[in-house]
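Inspection log for the structure reproduced underneath, given as structure tokens.
The values are calculated or read from the model by the stated rules, or taken from the named source; none is laboratory data. Since this is a predicted model, take the numbers as computed values, not measurements. Backbone-built Cβ (ideal geometry, glycine too); neighbour counts: all protein chains shown. Please note that ligands, DNA and RNA were not included when accessible areas were found on the heavy atoms of the full protein model with its side chains. Shrake-Rupley method; radii C 1.70, N 1.55, O 1.52, S 1.80 Å.
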Amino acid sequence: MKLLAWLGRKVGGALVVLWLVATAIFIGVRLIPGDPAEAIMGGPGSQASAEALANARSEYGLDLPIISQYFLFLAKLIRLDFGTSYSFKDPVLQIMGEVLPPTINLALLALVVAWLLALLFALLAMRANKFGRLLGNAVEIVAAAVPHFWLGAVLIMLFSSMLGWLPAVANGTPAGLVLPVLTLALPLAGFLTQLMRDSLNTAMGSQFALAARARGESRLTVFRRHGLRHAALPALGLTGWAFSSLLSGAVVVEAIFARPGLGRSLLSAVLARDIPMVTGIALFSALVYIVVMALTEAIERLIDPAGAES
Amino acid sequence: MRRNQRATRLLTGALALPLAAALIAGCSSTEDPSANKDTKPVAGGTLVYASGDAEPSCLDPHVGGNYPQALVASQFMESLFTKDAEGKIIPWLAEKSEVSADGLTRTITLRDGITFHDGTKLTSEAIKANIEHLQDPNTASSTGYLAVGKVDQIKLVDDLTAELKLSAPDNALLESLSMPWTAIQSPQGLKRDQAANCAAPAGTGPFKVESWDRQQAVNLVRYEDYVSPAANAERASATSYLDGITWRFIPEAASRYAALQSGEVDVIDNPQPDTISTAADNGLGHLDAPRPGASNRLELNSSKAPFDDVRVREAFMHSVDVNSGINSLYFNTAKRSYSLLSSVEPLGISDDSKFTTDATKANELLDAAGWSERDSEGYRVKDGKRLTLKFPVSTNQSVPAEQSLFEQMQAAAKPVGFEVKIELLDLSSWYGALAKHEYDLVSAPYTKVGPSVLRILFHSDSTIPAPSGYFANNAQIKDPKLDQLLVDAEQTNDEAERAELYKQAQQIVLDGYYVMPLYDQQNHFLYSKNVHGMGETTAVSSPIYYNVFLDK
């Protein structure tokens, strides 16, 4: 019953957020300079005739009063109709369906790799001496701070141009995924490690850890059974945020490594003033954020029921 | 057409440095690819092409009509006419053509025995269907439809011959019909809905569109029934050597170059100037194919202060040092131009006397024009107004080197007293700024075959905006004498008279200090050493891969 009520609150909240996002996007894209009809007729600076522009306006309902356009837009959204892309003339949902899987693949892989790296770093930091800890700290801060485009360039330079181990641009093979995933995962790993290490240190120095050690458990067992749970919680709480940061990082990474995906579509849609595409991608990103946040909340409840109740 | 939709370059600058350093360190081969020129052609293999341009939303270059579309469409569509190696217009899909004495009827006869990729035969019906397709507002052509603007009616004389009735004589018509934006496609294909035709236009070229995986590649394969309009006795078979071309889009210049270096791709376009200058040392081939039409140039908006005064325009020309900037920023890969037209246009004239760097002269001119006082920051003022030049720059059209060149000009013009305000804009905002006349200086490339581009850029009619707000005459020249020359030049039947009229027209524009030529529209390609036979291009300088082969 409790779970059902929780779920109901989540879904209701999500719908309100989506409606607010949709409204914000509807207003936002109309504030961008440039005539949407022009975007339909071949992009900025088109020399389309007045007749062609008028045709486009009536075909896409751009000649209606703005308030009618808004309700028409909402009515279509309810039916999951995101409209037709101005530049590709195909339904937005269909295009998103094509470019979504590569981005989700990339982001999920990067998330997993970032978590694995973060755990590894945290473990190493626990076992390291003072100097090692200082060094680890420095590496984490640098990793968390480097921008994706710089990291991507350095990785291409190192592993592609100099060593020749990995392809510089995506080619559909697993090898082609390595550099894009690392580019996305490394900064996130640095960030997660920092979060984990603080609480790990606290947990490992706590009385129950000490008691476990006194019972004769090894440091590793204590780390696995007690430390990890405490260390993971704050990092887990931020995974929702992390996933959306991966999606925005994908805009850059997909451009550098010439990968197909949502990020690249968003970039070209913004440049081409393709309003339905921009709207669709923005709404979808909001939806992903909401779902991931709900999921992490659910996992947090599983790990630490007490914390979730309070 | 206006150069369009270059790669998104937001990251290029940051990427270029570390990569360039790595590539110099990592490469040991210094073999000159041209040494392999005599290699015997071998058939087979798929060439991977990496474009830095934005992926077109439609592969049919009639729709819209920009250079990235022309680059890829040149492989699967052909034009009625083309240019030979000497720059002369020659028939291609057309076999011959003649014009009536009054210049109002153009008769075009097609070659026999050519078929489209969809299996239909090339007949005179295709000429009619294609020109009507370009003129149909629903096609949304913004380049090709201008080229066939004077065609009023098309009469089919027989299976292979069509008669074009013109509203006025147009000696640029064959040049217009040599461009990929007016290339011929199957009338059957055109009857499909636009999305279907955009995905796979049916042309007559040596390659055909097999599939298009958006954001990944356009896959082109050899057209087995290809008939080349050019007789070539050396070839055993009329079909292309290559099995196909994988046409990729890699927006980042540094990634594109790294992929070429590591052998992941065979040919790249839009390379950075520093990589062009070191190409030979790195074992790469280089094709330099300047685009036809106008040169890259700054236009000075003469319709409002301060550039409504010719003395201020002249002062600006003398206040900046363009040559040293071009040499250093382009690593000697671009040559300074003093012409309104591209160096591939035979009728272009050059005048370097107008563009000397001379600060003393610039100061005298500005003093004489009434801009004699200076404010606390050293900029000139007149009636309380500062001598400010608004300069919107499109980051899509101006490569990083060009943006740096403009910044150098900004710095050089300051001691003379000009305040140049550069604003970096995306393409939509840039067109928006121009439409609202919020510019004093602008660089707006324009590609077209032949000198008739001068009418588009400098006739007073081109100051009247299209419904979108676009106009081509950015210098805002309204000169009845120039207008007459440009109209007469397009109507004469006499080649010598045509040249003379265009010469006079260009001199008027140069004498009025409306335009500062910079260099040809840069169009470079780098290719790895296993690529042979590069060099042939269409009339708009887009490379053709019919005679190209790989020795993998």
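All conditions but one from (1) at pLDDT 95 or above; (2) more than 13 Å from chain A (Cβ to nearest Cβ); (3) open to solvent by less than 30 Å² (accessible area, probe 1.4 Å) apply to B:V442; the one that does not is (2). Just one of (1) in a loop (DSSP other than H, G, I, E, B); (2) crowded, with 22+ Cβ neighbours inside 10 Å; (3) within 22 Å of the chain's Cα centre (by Cα) fails for B:Q397. It is (2).
If you go through segment A:26-41 one residue at a time, do you hit one that is within 14 Å of chain B (Cβ to nearest Cβ) and at positive phi? Yes: one or more hits. When the residues of segment B:198-219 are narrowed to those that are at the interface with chain A (Cβ under 9 Å from one of its Cβ atoms) and assigned to a loop (DSSP other than H, G, I, E, B), which ends up nearest to A:L262 (Cα to Cα)? Per the stated criteria, the residue is B:Q215.
For segment A:156-164, the criterion of being touching a residue at least 24 places away in the same chain (Cβ under 8 Å), in a helix (DSSP H, G or I) and surrounded by 21 or more Cβ atoms within 10 Å (Cβ to Cβ) is met by at least one residue. Restricting attention to segment B:136-158, the residues that are open to solvent by 60 Å² or more (accessible area, probe 1.4 Å) and either basic (K, R) or touching a helix residue (DSSP H, G or I) at 6+ places or on another chain (Cβ under 6 Å) (or both) total 3. Meeting the requirement of 2 or more residues that are over 30 Å from B:A238 (Cα atoms), the strands (runs of 3 or more DSSP E) wholly within segment B:88-197 are B:105-110, B:151-156, B:161-166. When we screen B:L340, B:L366 for residues that are within 30 Å of B:S542 (Cα to Cα), open to solvent by less than 20 Å² (accessible area, probe 1.4 Å) and at pLDDT 95 or above, the only hit is B:L340.
For segment B:200-216, the condition of being open to solvent by less than 10 Å² (accessible area, probe 1.4 Å) and polar (S, T, N, Q) holds for at least one residue.
Among the residues of segment B:59-73, is any open to solvent by 30 Å² or more (accessible area, probe 1.4 Å) and either modelled with pLDDT of 95 or more or closer than 29 Å to B:Y257 by Cα (or both)?
From segment B:59-73, those open to solvent by 30 Å² or more (accessible area, probe 1.4 Å) are none; that's our starting set.
The answer is no, given that none of the residues of segment B:59-73 is open to solvent by 30 Å² or more (accessible area, probe 1.4 Å) and either modelled with pLDDT of 95 or more or closer than 29 Å to B:Y257 by Cα (or both).
What about B:V442, is it outside any helix (DSSP H, G or I) and closer than 30 Å to A:A54 by Cα? Full working, then the answer.
Working: outside any helix (DSSP H, G or I): yes; closer than 30 Å to A:A54 by Cα: yes.
Taking the combined requirement at face value, the residue satisfies it.
Residues of segment A:166-181 that are more than 10 Å from every other protein chain (Cβ to nearest Cβ) and open to solvent by 50 Å² or more (accessible area, probe 1.4 Å): A:T173, A:P174, A:V178. Tell me, please, whether a residue that is open to solvent by less than 20 Å² (accessible area, probe 1.4 Å) and more than 24 Å from the chain's Cα centre (by Cα) can be found in segment B:270-281. No, every residue in segment B:270-281 fails to be open to solvent by less than 20 Å² (accessible area, probe 1.4 Å) and more than 24 Å from the chain's Cα centre (by Cα). Within the option set A:V278, A:V270, being closer than 22 Å to B:S57 by Cβ, free of Cβ contacts under 8 Å to residues at least 12 places away in the same chain and either within 14 Å of chain B (Cβ to nearest Cβ) or acidic (D, E) (or both) holds for one residue only, A:V270. What's the number of the condition A:F191 fails, among (1) under 19 Å from the mean Cα position of the chain (by Cα); (2) open to solvent by less than 50 Å² (accessible area, probe 1.4 Å)? Just one mismatch for A:F191, condition (2). Looking for something on the phi > 0 side of the Ramachandran plot and either buried (at least 23 other Cβ atoms within 10 Å of the Cβ) or touching a residue at least 24 places away in the same chain (Cβ under 8 Å) (or both) - is there at least one such residue anywhere in segment B:249-262? No, there is no match, as no residue in segment B:249-262 is on the phi > 0 side of the Ramachandran plot and either buried (at least 23 other Cβ atoms within 10 Å of the Cβ) or touching a residue at least 24 places away in the same chain (Cβ under 8 Å) (or both).
Let's see how each residue does on (1) at pLDDT below 80; (2) farther than 25 Å from A:G263 by Cα:
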residue	(1), (2)
A:M41	yes, no
A:P44	yes, no
A:R57	no, yes
A:L62	no, yes
A:L80	no, no
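Criterion first (over 25 Å from the mean Cα position of the chain (by Cα), basic (K, R), open to solvent by 50 Å² or more (accessible area, probe 1.4 Å) and more than 13 Å from chain B (Cβ to nearest Cβ)) does A:K10 satisfy it? Criteria not met by A:K10.
Quick one: is A:V288 within 30 Å of A:L120 (Cα to Cα), away from every other protein chain (no Cβ under 14 Å) and modelled with pLDDT of 80 or more? Talk me through it step by step, then tell me what you get.
Numbers: within 30 Å of A:L120 (Cα to Cα): yes; away from every other protein chain (no Cβ under 14 Å): yes; modelled with pLDDT of 80 or more: yes.
Judged against the criteria, A:V288 is a match.
Of all the listed residues (A:L186, A:L179, A:L200), the sole one being farther than 30 Å from A:A255 by Cα, touching a residue at least 40 places away in the same chain (Cβ under 8 Å) and of a type in the set (A, V, I, L, M, F, W, C) is A:L200.
Does segment B:385-392 contain at least one residue that is open to solvent by less than 10 Å² (accessible area, probe 1.4 Å), part of a strand (DSSP E or B) and charged (D, E, K, R)?
Here is the first cut: in segment B:385-392, the ones open to solvent by less than 10 Å² (accessible area, probe 1.4 Å) are B:387, B:389, B:391-392.
Applying the additional criterion that residues be part of a strand (DSSP E or B) yields B:389, B:391-392.
If we keep only those that are charged (D, E, K, R) as well, we get none.
No - not one qualifying residue is present in segment B:385-392.
For beta carbons closer than 8 Å, sequence separation of 6+ or different chains, a first residue in segment B:135-157 that is over 23 Å from A:S58 (Cα atoms) and a second that is among the aromatic types (F, W, Y), the qualifying pairs are B:T143/B:W181; B:G144/B:W181; B:A147/B:W181.
Would you confirm whether any residue within segment B:420-438 is in a loop (DSSP other than H, G, I, E, B), open to solvent by 20 Å² or more (accessible area, probe 1.4 Å), closer than 21 Å to B:F307 by Cβ and within 14 Å of another protein chain (Cβ to nearest Cβ)? Working first, answer last.
At the first step, the residues of segment B:420-438 found to be in a loop (DSSP other than H, G, I, E, B) are B:426, B:436-438.
Add one more test, that the residue is open to solvent by 20 Å² or more (accessible area, probe 1.4 Å), and what stays is B:426, B:436-438.
Going one step further and asking which of them are closer than 21 Å to B:F307 by Cβ, we end up with B:436-438.
If we keep only those that are within 14 Å of another protein chain (Cβ to nearest Cβ) too, we end up with B:436, B:438.
Yes, segment B:420-438 contains at least one residue that is in a loop (DSSP other than H, G, I, E, B), open to solvent by 20 Å² or more (accessible area, probe 1.4 Å), closer than 21 Å to B:F307 by Cβ and within 14 Å of another protein chain (Cβ to nearest Cβ).
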